[in-house]
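S.K.: The following block contains the structure, expressed as structure tokens.
What follows draws every value from the coordinates through simple rules; no lab data is involved. Owing to the predicted nature of the structure, the values given are computational and were not obtained by experimental measurement. Using ideal geometry, Cβ is built from the backbone for each residue, glycine included, and neighbour counts are taken over all protein chains shown.
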Amino acid sequence: MLMHQPYYSKKTTRCRGDLRPATLILLVSVSLAALVGGSGNYVYASPTTVLLITDHVAINEFEQDPPGDDKRGGEFVELYNPTQQPVEISRWIIYTTHGDISSYEIPAGTSLASGGFWQVTFTEQFIDNTEDSLVLLNALGQHVDETPNLSDTNDDLHSWQRYPDGSENWVYALPSTGGAVNVPEYGSPAILAIVLVFTTLLILRSKRNVTQDRRY
């Protein structure tokens, strides 16, 4: 009887669990989206694509329905300066556009540093809870910025925020972050570490192409 000697053929195979590039990209994107989006606390008022940052002082965040009775205060408006130079905002006007119109004049001697935030917290109701918008005028009465018509009736710490700061993208986020970087940009260190480790492992596994000897 003619005996065939076994022979071996080398064939490159993917190690179990390896990911194709498209799958890797998808999973990394989902991980990053989870980091940015958190647990679903964000409602978008404008397209979710990140638009260009404004080239002027912007109304960056506002709280129109804080916990408790709005007539007792707690509402606030935050301005942000995305430009490379400090901006003198003395005598600038912030006013509302819905219902009983309210206006506020920024005190003299107020300057907003490059990349800085400025906030005013009101001691009585300033913004209507439904379909209100804010307009910002400079000391000459010229239009500087304006928000969309937005609503907040939750009586909690949610606020309307530009994300990222100074962009045209508005999100309804928890918690409010007056005077600081807006909440979608606050990455929890623990979550960020998990995402980075997970992404690194995926990349390493995707590169593990092992040559195995297969017997025929």
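S.K.: Through the Karplus equation 6.51 cos²θ - 1.76 cosθ + 1.60, θ set to phi - 60°, convert the phi angles of the stretch 159-169 into ³J(HN,Hα) values in whole Hz; use x for Gly and Pro.
M.R.: 8, 8, 9, 6, 9, x, 3, x, 7, 8, 8
S.K.: Here's a follow-up. Once both labels are modelled 7 Å past Cα along the beta-carbon direction, what's the D69-S114 spacing in nm?
M.R.: Each label point lies 7 Å from its Cα, and together they span 4.7 nm.
S.K.: Also, quick follow-up: Amide H of L134 versus every other amide H placed in the peptide plane: which residues, excluding those fewer than 5 positions away on the same chain, fall under 5 Å?
M.R.: T147
S.K.: To the nearest 20 debye, what charge dipole does the stretch 41-185 have about its Cα centre, counting +1 at the Cβ of each Lys and Arg and -1 at the Cβ of each Asp and Glu?
M.R.: Result for the stretch 41-185 is approximately 400 debye, rounded to the nearest 20.
S.K.: Right, another one. For a quick check: with amide H placed at 1.01 Å from N, whose amide H comes under 5 Å from I89's, ignoring anything fewer than 5 positions away on the same chain?
M.R.: Placed amide hydrogens put T110, S111, L112 under 5 Å from I89.
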